[in-house]
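Below is one structure, written out as structure tokens; the observations come after it.
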Amino acid sequence: MSAPDEKVPAEQIDAMLPEILKIPYARHLGFTLLRDGTDIIGRMAYTDALIGNPQVRALHGGTLGALMELTAVCKLLTLARTTQVPKTVGISIEYLRSAGRVDTFARATVTRHGRRVANVRIIAYQDDPLRPVAAATAHFLLATTPAGAREPKPVSTGELSRSTP
Amino acid sequence: MNPLLKLTLVQAQQVMIDVVPQSHALGLKLVEFAPSRIVVDLPYDARLIGDPETGVLHGGAITTLVDSTCGIAVLTTLRTLRRCATIDLRIDYLRAARPNQTVRCIAECHRVTHEIAFVRATAHDGDSSDLLATAAGTFVLFETLGTHDIFGEAKT
């Protein structure tokens, strides 16, 4: 198996960029992916349709959550160990500042990439990466158990002690 | 007096959803409108698909549905209308939404202090005993409504 943090080559990331646009919801959000070396940055292009509070003209919190979730999935796909499209299990979003009428960017860091579960931290920012508008932690299921094997077998203590990660 | 509480379902749909561009873009439909308990539907829409192979909606659309529903639940709990903003939203995706099914979110604001409101929400796609997501949200309450007050006539 490849090393936990081994990245796919830059050319493979470039090949991924147009693939994202095949996801209808990514187009709805105005989501595109930018490559920065072997890292990626998610970008949500501003349109009036993203507004969630017309009184103060701020972006809808849900769109910021969606931007961060999409960026996290793409980030996992840039790691050689990710072989299937990860499924989102949960996301916890902190809203830090009101997001205004400009493009929003997101950067993700994989905190743990296990065999089954990956944990990712994401920040979303507008003009200044040091002043994020939102932050999130999300966890993803990386590999699904084959059908028919969903219920785990009861394991004996002997088996447990043998199992090493 | 909170002017929202005098609205009919149709009026509340206009004031709470149709004027919000992203809620309108998702086609959100207010189904139940009672103080502290709000039900909103997200009709299935091919534009919101996250996995083109299965036709399953993207989690981001569900996040927006949940955030909107929770926010309305907070506003209908207040005695006087004030602006609120999400400070924290946690969502567990228990399973994928089924293609072609409307997703329904039910949010209840169960605690409001002077500055903070707490909301719990669930989502299902037809069977309320088979949830697809659970969520918890925290909102901060501001002193005023904001600069462009849509309820200007009710300020006195």
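We did not get these values from a lab; they are worked out from the coordinates using the rules stated. Source: prediction; values computed, not measured. Neighbour counts run over all protein chains shown; Cβ positions are idealised from the backbone, glycine included.
Tabulated data for the structure shown
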item	result
Exposure proxy order (Cβ contacts within 10 Å, fewest to most) of B:Ile116, B:Ile17, B:Ile72	B:Ile116, B:Ile17, B:Ile72
Principal-axis tilt of helix B:59-75 within chain B, Cα atoms, nearest 10 degrees	20 degrees
Descending principal axes extents, the range A:35-149, alpha-carbon based, whole Å	52, 33, 21
Nearby aspartates and glutamates by direct alpha-carbon distance to B:Lys6 (threshold 15 angstrom, same-chain neighbours under 8 apart not counted)	B:Glu32, B:Glu153
Unit charges at the beta carbon, dipole of the range A:8-50: most positive-side option, A:Leu34, A:Ala49, A:Ala15	A:Ala49
Distance histogram for chain B (every C-alpha pair counted, 5 angstrom bins, percent rounded to whole numbers)	2, 10, 19, 22, 21, 13, 7, 4, 2, 0, 0
